[in-house]
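Here is the structure we will look at, set down as structure tokens.
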Amino acid sequence: MKICIIGAGSPYTPELLEKLSEWRDRLPVRELVLMDTDADRLAIMTGFCQRYANALGTDIVIRGTTDRVDAIRDASFINTQIRVGGNRARIQDEKIPLSLGLIGQETTGAGGFAKALRTLPVMVDIARDVRKHAPDAWIVNYTNPTGLVAEAVIRHTGAKIAGLCAGGVFAQHWVGRSMGVAPQSVRYDLAGLNHMNFAYNLTASGRPLTNQEFSAAAREVGPVDPALIETLGALPSPYLQYYLHTTAKVAAMKAAGRTRGEEVLAMEPELFSAFADPAADRKPDLLKKRGGGGYADVAIGFMDAVWNARDSWMVVNVPNGRTLPFLPEDAVIETACLVGADGIRPLPVKDPPMAVRGLIAAVKSYEQLAVEAAMTGCRRTALAALMAHPLVRDGDVARTLLEQLLEANRNWLPLFFGEDAEP
Ligand code: G6P
């Protein structure tokens, strides 16, 4: 089996190699091709991964290439983890909204919108290459915003894509920790969108949680007030902090002085010089602070489920169909699914709590408009997307915000600034 990683210059790459090596008896990977547009980072990561593979004692052959088609051709799984514009663009996504008093965050609100505009056309291009050069392959995506990426790829290419996020299984861990049981014994209905999901109807080993057990799990969520979680009756994605504590979050982000993107960027020189050290054949300690852990588990879980026809319970971003009756059938949602040889089948769920149904629907409207704007370069649709977003909404602010975001991302938005750009 050949597997490739697009965006392999990312520090997330060694985790995937580690898991592939651990799961070698289940996934017979012969070749792992690392592809990136940044030749320097790619060379560092390829060198490190070759040493790491040796240290792990695996016989997976690793090679690097800057040629995307070379990486994709005849691969069984295409792992995508790109960041168009790098962390510098991410920092602008965080700072511009914040300067207008709005949440400035990588995936949520206006920051996620700017990231979507940069990323979606590139991901659709990659998916077109996959259709051409590896038509049966699955794209295993953790490029953000993963829900919008899945929707754009499905709508524009029909390629097979699993939109993944490590957050889908968080509720298993919260309940597992608070009850002292194995996370795998915990099941729930999970519905909503990426970074806007809710886990409810929770059971542990098939038994529904008592109110007390639910309250204890609610206290594990962290950034959302447990009393609010009890009011909802569902464990929310931690990203709900930006919706349920908006004013406090904006104040905290302003007071922090440094955004998460700035922190990550500051770590990179040290992290990459550790990877580049010709003696380094183990993951550097600093990688723990970089975050993003958990992706490799989800990605490998998906590949194993498909390759070995396991019918695994997983949380994936998939077209809604009839899962949530209050959303369009073609809208990509994040929900619990069975994953097996014939792909991803969303499981039926009860409707999420009334208190968040409108929120989910509003954010989905924003997402569908954002996908359209990203793929057409139409400013009117882009403005409509921001007006639809509950974290922006104010048309006067949205207008200024859009101008600033577009201008800051000029180099990454050929569709908005090309000669044929729509008004
Ligand atoms: C989590 C989220 C991802 C996000 C990442 C950011 O894993 O689920 O959507 O991209 O954190 O991590 P970072 O370390 O870059 O802030």
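Return the Rg/Rh ratio of the chain with Cα-based radii and a Kirkwood Rh.
Details: Rg = 20.9 Å, Rh = 22.0 Å.
Taking Rg over the Kirkwood Rh, I get 0.95.
Karplus-based coupling profile of segment 411-417, in residue order and whole Hz: 5, 9, 10, x, 5, 7, 10, with θ = phi - 60° in 6.51 cos²θ - 1.76 cosθ + 1.60 and x standing for Gly or Pro.
Given N residues in segment 209-257, what is its alpha carbon radius of gyration divided by 2.2 N^0.38 Å? Don't skip to the answer; put the middle values down first.
Numbers: Rg = 12.2 Å, N = 49, 2.2 N^0.38 = 9.7 Å.
Cα Rg divided by the expected 2.2 N^0.38 Å: 1.27.
Amide H to amide H distances under 5 Å link VAL315 with CYS337, where only residues 5 or more positions off or on other chains count and H is placed in the peptide plane. Rg over Rh for segment 201-284 works out to 1.20, using Cα positions for both radii and the Kirkwood form for Rh.
Within the accessible area of the chain, what % is carbon and sulfur when the probe is 1.4 Å and the other protein chains stay in place? Can you show the working numbers first?
Details: 8540 of 17020 Å².
Heavy-atom surface of the chain belonging to carbon and sulfur, 1.4 Å probe: 50 percent.
Where does the Debye-calculated log10 I(q)/I(0) of segment 53-192 sit at q = 0.13, 0.14 Å⁻¹, using only Cα point scatterers of equal weight, no solvent? Per q value, in the given order, log10 I(q)/I(0) is -0.77, -0.86.
What is the count of Lys pairs in segment 18-172 whose alpha carbons sit under 24 Å apart, if the two are 8 or more places apart or on different chains? Walk me through the numbers before you get to the answer.
Working: LYS19/LYS160; LYS95/LYS115; LYS115/LYS160; LYS132/LYS160.
Step by step, the pairs that qualify in segment 18-172 add up to 4.
Taking amide H as placed 1.01 Å from N in the peptide plane, the amide H of VAL186 sits under 5 Å from that of SER205, each at least 5 places away or on another chain. Helices meeting the span-like rule in the chain (full DSSP H runs, Cα extent of at least 27 Å along the helix axis, mean Kyte-Doolittle score of -1.0 or higher): 110-133, 354-376.
Values of log10 I(q)/I(0) for segment 134-246 across q = 0.15, 0.23 Å⁻¹ run -0.69, -1.18, by the Debye formula with one identical scatterer at each alpha carbon and no solvent.
Size of the dipole of segment 1-56 about the Cα centre, Lys and Arg at +1 and Asp and Glu at -1 on the beta carbon, nothing else charged, in debye to 20?
On the way: 7 positive and 8 negative charges, 43 e Å.
That gives a dipole near 200 debye.
Summing charges over neighbours of ASP36, with a neighbour being any other residue whose Cβ is under 12 Å away from its Cβ, gives 0 when K and R count +1 and D and E count -1. Between the amide H of GLY64 and those of LEU34, distances stay under 5 Å, these residues lying 5 or more places away or on another chain, with hydrogens modeled in the peptide plane. When the Cα positions of LEU32, SER365, ASN144 are compared along the charge dipole of the chain, SER365 comes out farthest toward the positive end, with charges on each C-beta of Lys, Arg, Asp and Glu.
Per residue, what accessible area does segment 284-387 have, given a 1.4 Å probe and all protein chains present, in Å²? Could the numbers behind the result be given before it?
On the way: 4150 Å² over 104 residues.
Normalised by residue count, the accessible surface of segment 284-387 is 40 Å².
Once the C-beta distance of ASP297 and ALA361 is scaled by a Förster radius of 30 Å, the resulting FRET efficiency is 0.45 to the nearest 0.05. With all pairs of different C-alpha atoms in the average, the Kirkwood value for the hydrodynamic radius of segment 1-69 is 11.8 Å.
Where the alpha-carbon atoms of segment 1-120 are placed on the principal axes, they occupy 52, 27, 26 Å, in descending order. Taking every DSSP bridge with both residues inside the chain, close to 50 percent are antiparallel.
Diagonalise the Cα gyration tensor of segment 304-423 and give the resulting equivalent ellipsoid semi-axes, square root of 5 times each eigenvalue, largest first, whole Å.
Details: eigenvalues 226, 76, 22 Å².
Working through the eigenvalues yields semi-axes of 34, 20, 11 Å.
Figure legend: label point modelled 7 angstrom from the Cα of PHE326 along Cα→Cβ; residues of segment 164-202 with amide N under 20 Å from it are 189-202. Taking other residues whose beta carbon is less than 11 angstrom from the beta carbon of GLN50, and scoring Lys, Arg as +1 and Asp, Glu as -1, yields +1.
Taking N as the number of residues in segment 32-91, what is its Cα Rg relative to 2.2 N^0.38 Å? Could you put the intermediate results ahead of the total?
On the way: Rg = 12.9 Å, N = 60, 2.2 N^0.38 = 10.4 Å.
It is 1.24.
Calculated on the Cα set of segment 193-335, radius of gyration then Dmax: 19.6, 56 Å. Grouping the Cα pair distances of segment 275-368 into 10 Å bins from zero gives a pair-distance distribution of 14, 32, 26, 18, 8, 2 percent in increasing distance order.
The values are calculated or read from the model by the stated rules, or taken from the named source; none is laboratory data. As the structure is a computational prediction, the values presented were derived from the model and not from experiment. Here Cβ is always computed from backbone atoms with ideal geometry, including for glycine, and neighbour counts include all displayed protein chains. Note: accessible area is taken over every heavy atom of the protein model, side chains too, but ligands, DNA and RNA are not part of it. Shrake-Rupley method; radii C 1.70, N 1.55, O 1.52, S 1.80 Å.
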